[in-house]
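Encoded as structure tokens, the structure appears first; notes follow it.
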Amino acid sequence: VIEKALADPDRETRLVAIRAAVKTGAEELILPMKRMLGTADEDLRRELLHALVDLGERTVMGKPVSGMLVPDLQHAKVSYRWKAIDSLLLLADPDAAGPIAGCLKDKESFVRLKAAEGLGRLKARAAFPALVEALDDEEFEVQEAAKESLEKISGQRLGFDPEAWRTWWKSQPKQ
């Protein structure tokens, strides 16, 4: 039923089918969903990419899905930026740490928060300097998430003092 709905001419029916495929964990629908990418409009293509990530796919048409998601980190729509971070974190791609770290400067605090939390889950050493800067964010929740991520990455407990973190970072061997 879901596979038939994926081919339906009605866009909303296809969208519901994509979401149903994820909810049911229907891995047999991965190939039909990949085929849809070439014919889908921009929003439907994004939904397909996120669904494929949710179903465990890491490549599409021989390309890493992460590379297809990174441009959405700069999209005008905040929901696209947030969902791109979410999917990139699910992929656990260490190469995504730099682009996600760029979201620590996003104008929306919940995007900055998602980025700060996620960089800790990735244990992304490359994002360390950006996380230190996020300790000065205007929102306490972002500061807290940045501190916790710094602690996860470093194993240190240096609080909210950016200078203490910078000093510790400079003392570390380059990797």
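The values are calculated or read from the model by the stated rules, or taken from the named source; none is laboratory data. Note that the structure is predicted; figures quoted are calculated from it, not measured. Cβ atoms come from the backbone with ideal geometry, glycine included; neighbour counts cover every protein chain shown. For the accessible areas, the whole protein counts, side chains as well, though only heavy atoms, and no ligand, DNA or RNA atoms are used. Shrake-Rupley method; radii C 1.70, N 1.55, O 1.52, S 1.80 Å.
Structural remarks
- Residue tally, condition in a helix (DSSP H, G or I), of a type outside the set (Ser, Thr, Tyr), over 13 Å from residue 117 (Cα atoms) and free of Cβ contacts under 8 Å to residues at least 40 places away in the same chain, over segment 141-175: 7
- In segment 56-83, the residues that are within 16 Å of residue 110 (Cβ to Cβ), within 11 Å of the chain's Cα centre (by Cα) and not hydrophobic (A, V, I, L, M, F, W, C): 72, 80, 81, 83
- Scanning segment 9-17 turns up no residue that is closer than 21 Å to residue 116 by Cα and not β-branched (Val, Ile, Thr).
- Meets criteria (among the charged types (D, E, K, R), surrounded by 14 or more Cβ atoms within 10 Å (Cβ to Cβ) and in contact (Cβ under 8 Å) with a residue 24 or more places away in the chain) for residue 93: yes
- Beta carbons closer than 7 Å, at least 6 apart along the sequence or on distinct chains, pair a first residue in segment 108-127 that is among the aromatic types (Phe, Trp, Tyr) with a second that is open to solvent by 10 Å² or more (accessible area, probe 1.4 Å) for 110/82.
- Among the residues of segment 141-151, none is identified as basic (Lys, Arg) and exposed (fewer than 15 other Cβ atoms within 10 Å of the Cβ).
- Under the condition of being open to solvent by less than 60 Å² (accessible area, probe 1.4 Å) and farther than 11 Å from residue 128 by Cβ, the residues counted in segment 159-171 number 3.
- Residues (among the charged types (D, E, K, R) and more than 17 Å from residue 52 (Cβ to Cβ)) located in segment 7-23: 8, 10, 11, 12
- All of 160, 110 fail the test of being hydrophobic (A, V, I, L, M, F, W, C), over 15 Å from residue 82 (Cβ atoms) and out of contact with any Pro (no Cβ under 6 Å at 6 or more places or on another chain), apart from 160.
- Residues that are at pLDDT below 95, of a type in the set (D, E, K, R) and either open to solvent by less than 10 Å² (accessible area, probe 1.4 Å) or not in a helix (DSSP H, G or I) (or both) do occur in segment 123-140.
- Of all the numbered requirements in (1) closer than 29 Å to residue 126 by Cβ; (2) free of Cβ contacts under 8 Å to residues at least 40 places away in the same chain, residue 104 misses one, and that requirement is (2).
- Within segment 68-79, the residues that satisfy the criterion of being open to solvent by 50 Å² or more (accessible area, probe 1.4 Å) and either among the small types (Gly, Ala, Ser) or assigned to a helix (DSSP H, G or I) (or both) are 71, 74, 76, 79.
- Here the condition is being under 20 Å from residue 121 (Cα atoms) and within 11 Å of the chain's Cα centre (by Cα); of 86, 95, it holds for 86 alone.
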